[in-house]
Amino acid sequence: MRTGNVINRRVLLTAGGLTLLAGCSAPVQRVTSTAQTRPMPEHHGGHQGAGRPGTGTGTGTGTRTGTGTGTRTGTGTSKGKGTGEGTGHGMSGPNPATGTGHASDPGGGGNNKPVYYVADGPKAIALTIDDGPNASYTPQVLRLLEKHRVTATFSMIGMQVAAEPAIAREVAAAGHVISNHTWRHLDLAWLSPTAAIAEMDRATDAIHRATGQTPTVFRAPYGAWSAAVLRRCQQTGMTPLDWSVDPRDWARPGVSAIVANILRNTRTGSIILEHDGGGNRAETVAALGIVIPRLLDAGYHFVTI
Ligand SMILES: [Zn+2]
């Protein structure tokens, strides 16, 4: 498992008078809580200045800054699109930092900023599978990965790990990385720091109980990071993992749309977001069966974080 060699970068979009942290959508929350009663879910727009313009409109100009940790020169600007289409948003555009391979943070202790790209040489990409484990879809994804000899990172929801510990163990035994994806998949930015940390820690406990492993990677639901969450990541040695390619498979846009989106947006360093939980993921499984060999044929290789 690598914890170094990562690139952090944020894309800020200014659109409609709102400053948004550009990003991509995440599945609709499935767990009821007071944190989810806000009228505008994160993937439908911004909140607290850190929303993701999933359905945004307009053509905001994005300023990309390679705000990585440690030593790197990955800065630059690029156009961001707030079109709300697929992974537009500027998240998947050319990344100067990755493209020039300047990112390097070996042991820099850089787990206080979200990671959007991997930096493991030319054609290195990462596949992340979120919101499992799921009794139906996780085994299907595992079989696909095994068939193509690909390693992925599974962002698991703690309460589902507790419900399906054998599947979590199977994922770990197959050599994949299990990332903490909180206990209930709430939007942590809407929780108190204490409550957010409790969500994180409880998932770590569940993953450890099921697999014997303590997660070293953390992914915030909806990519909603907060200072408290990032601080907890640092305290607990978890790399905060975001993503750069989001085909919005959770919205079930169709297998060909998922495939096309990934192929169009993936480049060296991309972290691809897919889901094995949160609903019917048949499209995701079918899309992975197509897109993994296509990416391998294109010369990419999969790394874990
Ligand atoms: Zn998720």
Counting other beta carbons within 10 Å of each residue's own, what order do Arg149, Arg248 fall into, fewest first?
Arg149, Arg248
So, over other residues within a Cβ distance under 12 Å of Met238, counting Lys, Arg +1 and Asp, Glu -1, the net charge is +2
Order of Glu199, Glu146, Glu283, Glu170 - criterion: other Cβ atoms within 10 Å of each residue's Cβ, fewest first:
Glu146, Glu170, Glu283, Glu199
Between segment 130-187 and segment 238-280, how far is it from one alpha carbon centroid to the other, in angstrom?
16 Å
Longest to shortest principal axis, alpha-carbon extents of segment 243-305, angstrom
30, 22, 16
Karplus couplings for segment 189-198 from phi (6.51 cos²θ - 1.76 cosθ + 1.60, θ = phi - 60°), rounded to Hz, Gly and Pro as x?
5, 9, 9, 5, x, 4, 5, 5, 5, 4
In whole Hz, what ³J(HN,Hα) sequence does segment 210-216 give by Karplus (6.51, -1.76, 1.60; θ = phi - 60°), x for Gly and Pro?
7, 10, x, 9, 9, x, 10
Treating segment 132-226 as a set of equal point scatterers at the Cα positions, no solvent, please give the Debye-formula log₁₀ I(q)/I(0) at q = 0.13, 0.14, 0.16 Å⁻¹.
-0.41, -0.47, -0.60
Efficiency of FRET between Thr194 and Ala166 - r from beta-carbon atoms, R0 45 angstrom, step 0.05:
0.90
For Ser136, Ser244, Ser179, what's the fewest-to-most ordering of other Cβ within 10 Å of each Cβ?
Ser136, Ser179, Ser244
Please list, in order along segment 256-263, the HN-Hα scalar couplings obtained from phi with the Karplus expression 6.51 cos²θ - 1.76 cosθ + 1.60 (θ = phi - 60°), rounded to whole Hz, x for Gly and Pro.
5, 5, 5, 4, 4, 4, 5, 5
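Each reported figure results from applying straightforward, stated rules to the coordinates on display, with no laboratory input. No experiment lies behind these values; they were computed from the predicted model shown. Cβ coordinates were reconstructed from backbone atoms using ideal geometry, including for glycine residues, and neighbour counts include every protein chain displayed.
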